[in-house]
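Asker: Quick one: structure below, then a few questions.
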Protein chains: 4
Amino acid sequence: MTIAAADIFSALKASCAADWDAYVHHRFVRDMAAGTLPEEAFRWYLAQDYLFLIHFSRAWALAAVKAERLDEMRHAVATVNALIGHEMQLHVEYCAGWGLDEDTMAALPEAAANIAYTRYVLDRGHSGDLLDLLVALAPCVIGYAEIGAWMARPEHAAGWQGNPYRPWMEMYSGAEYQQVAADVQALIARVAARRIGADPQGSGRWPSLAATFAAATRLEVGFWEMACHPEPLSPPPAAAT
Amino acid sequence: MTIAAADIFSALKASCAADWDAYVHHRFVRDMAAGTLPEEAFRWYLAQDYLFLIHFSRAWALAAVKAERLDEMRHAVATVNALIGHEMQLHVEYCAGWGLDEDTMAALPEAAANIAYTRYVLDRGHSGDLLDLLVALAPCVIGYAEIGAWMARPEHAAGWQGNPYRPWMEMYSGAEYQQVAADVQALIARVAARRIGADPQGSGRWPSLAATFAAATRLEVGFWEMACHPEPLSPPPAAAT
Amino acid sequence: MTIAAADIFSALKASCAADWDAYVHHRFVRDMAAGTLPEEAFRWYLAQDYLFLIHFSRAWALAAVKAERLDEMRHAVATVNALIGHEMQLHVEYCAGWGLDEDTMAALPEAAANIAYTRYVLDRGHSGDLLDLLVALAPCVIGYAEIGAWMARPEHAAGWQGNPYRPWMEMYSGAEYQQVAADVQALIARVAARRIGADPQGSGRWPSLAATFAAATRLEVGFWEMACHPEPLSPPPAAAT
Amino acid sequence: MTIAAADIFSALKASCAADWDAYVHHRFVRDMAAGTLPEEAFRWYLAQDYLFLIHFSRAWALAAVKAERLDEMRHAVATVNALIGHEMQLHVEYCAGWGLDEDTMAALPEAAANIAYTRYVLDRGHSGDLLDLLVALAPCVIGYAEIGAWMARPEHAAGWQGNPYRPWMEMYSGAEYQQVAADVQALIARVAARRIGADPQGSGRWPSLAATFAAATRLEVGFWEMACHPEPLSPPPAAAT
């Protein structure tokens with residue numbers, strides 16, 4: 001008997017319910033769905049997301065390094081290949097439409113909130129095993145699917161009219177991305193089943209896994225916060241007087 | 001012929017002069033030297049610094065893993081042993097004087113600025129070689145020595161009178177810590193000499209090393225900023241409405 | 001001005017000429033070209049090579065983790081994707097023709113010579129930077145291309161007649177594999193140019209890089225030796241009396 | 001309720017009983033106890049063991065990087081400090097008595113059996129979590145304690161008379177080393193309790209942990225084999241004709 005993926009993620013989300021809610025229903029998300037998000041916030045997010053994708057791909061490559069079964073390795077490799085060979089290109093094309101060219105984004109300093117999230121995930125991968133790494137990656141993959149699905153609810157239909165962020169909303173609410181996220185959840189559930197058995201919450205690792213999931217979720221919140229109030233990358237001149 | 005350690009660090013600091021100045025002369029530092037820093041800011045800093053020390057020690061342990069010569073390895077091991085076996089204990093005792101007990105600090109969530117810095121250093125270590133790691137560690141070690149020396153200047157003597165932060169200032173301006181920092185500088189200079197030769201700035205790796213040093217310096221600034229304006233570890237309830 | 005890839009590899013091979021010769025002209029190689037290699041040796045080699053490919057793919061995934069430029073990362077990701085998604089399948093089909101099914105190979109204990117090589121490469125990756133890792137990977141990629149080209153020389157034409165190892169010889173002497181190896185050489189030359197400049201042998205890292213290349217070459221020799229005289233995976237019962 | 005350390009190790013050893021027996025009762029061990037081991041075998045072992053200690057220390061440093069609790073980290077750091085700062089010096093002094101000076105040993109190429117073992121352990125650490133790493137380290141630590149205790153049995157008393165290997169036998173059978181090994185067993189038991197609970201063999205990770213322990217044990221056997229029949233570090237000239 002294996003655990004349904006949904007059960008593990010329900011438990012992980014429940015273990016940090018307020019943080020999860022702050023992430024998937026963040027003002028940034030709600031304003032995007034309503035079409036009222038300032039363009040500057042969105043452009044900042046897009047540019048930092050370009051840098052995020054690079055380190056997120058590195059984290060999936062690390063999953064391939066750490067995989068102990070060929071099927072786990074294949075899934076990780078297919079994911080990093082899709083990210084680097086396909087998604088990245090889509091992102092660059094999309095950003096071009098917002099006046100952001102690739103060289104500009106590549107030269108941009110990473111915001112601290114961006115560094116905090118991706119390096120935290122990589123460190124969980126280096127200090128823990130494949131399961132620790134995947135649990136740290138999970139809030140991004142499944143949170144965006146949840147955000148997409150939430151945006152697609154009938155009660156938010158009005159917001160889609162003439163919404164400048166509609167292509168983004170279509171992508172994450174679309175069947176293709178929803179399937180990607182479901183596949184990742186299934187992968188994590190299989191990896192978890194082999195490492196912590198059929199009763200994840202009863203396992204000695206549960207507190208640590210839940211802490212990883214919660215920390216990564218808070219770092220996602222920090223990423224949205226950064227976009228709403230972009231932090232200065234260096235302090236204002238006055239600070240150094 | 002080998003390069004004097006001072007030359008490399010002068011070049012690294014010059015390559016990010018504004019960031020370096022913002023770090024070593026940050027308002028937090030100036031207010032501490034003047035004795036006017038709010039106690040709450042200092043207590044927040046102390047508690048986060050406890051968590052910082054744990055991951056900073058992990059980074060030095062990683063230096064021991066990555067060392068390719070026994071003398072490099074011995075220096076890294078001696079450092080991590082001093083940090084974990086000695087400094088940590090001093091820090092805990094000092095914090096107790098400020099009403100912070102170890103269990104409380106160990107249970108505290110790490111602030112994003114804290115995560116960003118330590119995990120950035122660890123990631124530079126995992127993605128690069130020993131030199132990349134040490135250059136990422138350098139702003140902390142040599143910056144604190146510079147801050148200590150700056151505080152000890154005659155023109156700041158007035159601030160030491162009845163200053164509640166005096167033990168901290170004595171430690172970092174003291175001969176023992178100044179020697180530790182000088183030894184680390186010498187280690188990095190030796191490691192650099194073997195990897196990038198006698199003309200560091202002419203080496204193909206210089207732009208990448210300077211970028212690492214600058215990024216770590218900005219993350220130090222972020223750490224002081226956090227202490228001055230502690231970021232919320234989870235967003236205020238209103239944000240999630 | 002950048003160095004031609006050939007120059008670096010000529011220098012690396014020259015620095016361990018006897019080991020390189022022992023590897024690319026090993027008895028296993030010569031007997032394969034002559035069609036006189038015992039089938040048992042070849043089957044042993046094929047089965048261990050299946051396990052080798054898994055860890056070799058992990059090493060290329062680690063290259064993606066360690067890459068600092070997007071083009072380097074793309075090359076590493078494309079390689080690991082080709083290895084896991086394509087080569088592995090070809091290998092499994094080819095092995096089936098030799099009576100080796102995938103489950104049997106997956107369950108086989110790795111020979112010590114196999115473990116020594118792949119884990120050495122992974123460790124060079126973890127302790128060093130991308131260049132250290134690629135130099136450790138190089139003897140495999142470029143040695144097999146050299147072996148293929150050597151087998152395709154006119155003076156060895158007689159050996160191809162009715163040679164049971166002909167498909168193997170065709171693959172490694174073929175244009176497709178020769179191009180893969182040339183691309184990897186070009187990648188390593190670019191990575192080297194950015195890290196050790198236009199005069200690799202004059203760089204402080206040269207002794208360490210040459211030592212890595214030589215060690216990996218000797219471990220390739222050990223792999224052929226293992227196939228010629230398969231080591232016992234557990235000692236004979238008498239040893240434990 | 002926590003598991004007694006002895007229970008886990010009994011189960012791990014039982015899962016690879018023949019390999020374990022081949023390791024702790026290897027001809028090298030029996031001949032040392034009898035004083036009949038050829039000096040050349042012992043000198044070879046000592047020289048390779050010097051190189052082994054360096055990489056074994058790196059593996060313990062990696063344990064400090066991967067530790068998730070301060071007490072686990074302290075134990076790992078104390079171990080690597082003892083190894084590098086103390087044991088290594090004892091080893092060098094002891095080797096000097098056998099005519100092996102440190103520079104000679106440091107310049108010696110590592111034998112393949114040596115590379116295989118240490119790099120396997122490091123790779124288990126990088127691919128798995130702290131428990132995977134410690135289980136890979138365990139056969140060395142507890143096996144040597146078992147060998148020392150076996151040599152100290154009354155029935156082997158005759159062999160101690162005029163035995164040239166007596167200092168080695170005294171060290172590993174002595175109270176100090178036996179305590180070190182007992183402490184490491186207790187550490188592993190605590191780490192295991194937090195990760196796989198009170199019924200290790202019932203955990204989903206058991207097959208993987210047992211496979212790691214067995215593989216490391218076989219690599220220890222390979223190390224003794226190497227000493228009995230030192231493998232050529234490069235093939236004989238004739239092989240390349």
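Asker: What Kirkwood radius, in Å to one decimal, follows from the Cα pairs of chain D?
Answerer: Working: mean 1/r = 0.0535 Å⁻¹.
For chain D, inverting the mean 1/r across all distinct Cα pairs yields 18.7 Å.
Asker: Going by a 1.4 Å probe on protein heavy atoms, which residues of segment C:67-84 end up with at least 20 Å² less accessible surface in the whole assembly than in their chain alone?
Answerer: C:Glu68, C:Leu70, C:Met73, C:Arg74, C:Val77, C:Val80, C:Asn81, C:Ile84
Asker: Right, here's the next one. Find the relative contact order for segment C:1-99 and round it to a whole percent, using C-alpha pairs within less than 8 Å whose residues are 6+ positions apart. Please list the in-between numbers first.
Answerer: On the way: 32 pairs, mean separation 21.8, N = 99.
It comes to 22 percent, rounded to a whole number.
Asker: Sticking with this one: Suppose you put the label 7 Å out from Cα in the Cβ direction; list, shortest first and in nm with one decimal, how far C:Glu176 is from each other copy's label.
Answerer: Ordered by distance, the counterparts are at 2.7, 6.2, 6.7 nm.
Asker: Once R0 is set to 25 Å, what does the formula 1/(1 + (r/R0)^6) return for the Cβ-Cβ distance between D:Ala14 and D:Ala149, expressed as a FRET efficiency to the nearest 0.05?
Answerer: On the way: r = 18 Å, r/R0 = 0.73.
After rounding to 0.05, the efficiency reads 0.85.
Asker: Taking the label point 7 Å from Cα in the Cβ direction, how far apart in nm is B:Ala17 from each other copy of itself, listed shortest first?
Answerer: Values, ascending and in nm: 5.3, 5.6, 7.5.
Asker: Chain B: which residue's Cβ hugs the B-to-C rotation axis most tightly, distance rounded to whole Å?
Answerer: That would be B:Asp129, 2, residue then distance in Å.
Asker: For segment A:50-95, which trypsin sites (Lys or Arg not before Pro) are both in a DSSP coil and crowded by at most 15 other Cβ atoms within 10 Å?
Answerer: On the way: sites: A:Arg58, A:Lys66, A:Arg69, A:Arg74; in loops: A:Arg69.
Listed in order of number, the matching sites are A:Arg69.
Asker: Local charge sum around D:Ile54 (other residues, Cβ-Cβ under 13 Å, Lys/Arg +1, Asp/Glu -1)? Numbers along the way, then the final one.
Answerer: Details: positive: B:Lys66, B:Arg69, B:Arg74, D:Arg58, D:Arg119; negative: B:Glu68, B:Asp71, B:Glu72, C:Asp123, D:Asp49, D:Glu87, D:Glu102, D:Glu110.
Result for the local shell: -3.
Asker: Before anything else, pin down the relative contact order of chain A: Cα pairs under 8 Å, at least 6 apart, normalised by residue count, whole percent.
Answerer: Numbers: 239 pairs, mean separation 89.1, N = 241.
Across chain A, relative contact order equals 37 percent.
Asker: Further question on the same structure: For chains C and A, what's the summed buried accessible area, probe 1.4 Å, to the nearest 100 square angstrom? Don't skip to the end; give the middle numbers.
Answerer: Working: alone 11130 and 11120 Å², together 20520 Å².
Summed over both sides, the interface buries about 1700 Å².
Asker: Tell me, which residues of segment C:44-59 get at least 20 Å² less accessible area when the other protein chains come in, versus the chain alone (1.4 Å probe)?
Answerer: Checking the loss per residue gives C:Ile54, C:Arg58.
Asker: Roughly how many percent of the accessible protein surface of chain D is carbon and sulfur, given a 1.4 Å probe and a whole-percent answer? Walk me through the numbers on the way to the answer.
Answerer: On the way: 5020 of 8740 Å².
It is 57 percent, rounded to a whole number.
Asker: Now a separate question. Looking at segment D:175-200, which residues lose a minimum of 30 Å² of accessible area between their chain alone and all protein chains in place, measuring with a 1.4 Å probe and not counting ligands or nucleic acids?
Answerer: Residues losing area: D:Arg194, D:Arg195.
Asker: In Å², and per residue, what accessible area does chain B have when probed at 1.4 Å with the other protein chains present? Before the final figure, lay out the partial values.
Answerer: Details: 8720 Å² over 241 residues.
That works out to 36 Å² per residue.
Asker: With the label 7 angstrom out along Cα to Cβ, how close does D:Leu70 come to the same site in each of the other copies, in nm, nearest first?
Answerer: Distances to the matching label points in the other copies: 3.4, 4.4, 4.7 nm.
Asker: Please give the helix C:88-97 orientation as an angle from the longest Cα principal axis of chain C, in degrees from 0 to 90, rounded to the nearest 10.
Answerer: 20
Asker: Extension gain B:Gln89-B:Asp199, at 0.36 nm per residue separation less the Cα-Cα distance, in nm?
Answerer: Numbers: separation 110, 0.36 × 110 = 39.60 nm, distance 4.04 nm.
This chain segment gains 35.6 nm when fully extended.
Asker: Another question about this same structure. Hey, what number do you get for chain A at 222 nm if only DSSP H runs of n ≥ 4 count, each worth -39500 (n - 2.57), divided across all residues, to the nearest 500?
Answerer: Values: 13 runs with 178 residues, N = 241.
Helix contribution divided over all residues of chain A: -23500 deg cm²/dmol.
Asker: Of A:Lys13/A:Lys66; A:Lys13/C:Lys66; C:Lys13/C:Lys66; C:Lys66/D:Lys13; A:Lys66/B:Lys13, which sit over 27 Å apart, Cα to Cα?
Answerer: Numbers: A:Lys13/A:Lys66 25 Å; A:Lys13/C:Lys66 32 Å; C:Lys13/C:Lys66 25 Å; C:Lys66/D:Lys13 37 Å; A:Lys66/B:Lys13 37 Å.
Cα-Cα > 27 Å for A:Lys13/C:Lys66; C:Lys66/D:Lys13; A:Lys66/B:Lys13; rest within.
Asker: Which residues in segment C:47-90 place their backbone N less than 17 Å from a point set 7 Å from the Cα of C:Leu108 along the Cα-to-Cβ direction?
Answerer: Counting backbone N atoms under 17 Å from the label point, the list is C:47-57, C:88-90.
Asker: If the viscosity is 1.567 mPa s and the temperature 4 °C, what translational diffusion coefficient in µm²/s does Stokes-Einstein give for the protein assembly as shown when Rh comes from Kirkwood over Cα pairs?
Answerer: On the way: Rh = 29.8 Å.
For the chosen part, D equals 44 µm²/s.
Asker: Report, in whole Å, the centroid distance computed from the Cα atoms of segment A:143-192 and segment C:54-83.
Answerer: So the two Cα centres are separated by 29 Å.
The values are calculated or read from the model by the stated rules, or taken from the named source; none is laboratory data. Just so it is clear, the model here is predicted, and its values are computed rather than measured. Don't worry about glycine lacking a Cβ; one is built from the backbone with ideal geometry, like all the others, and counts go over all protein chains shown. Accessible surface areas use protein heavy atoms only, side chains included; no ligands, DNA or RNA. Shrake-Rupley method; radii C 1.70, N 1.55, O 1.52, S 1.80 Å.
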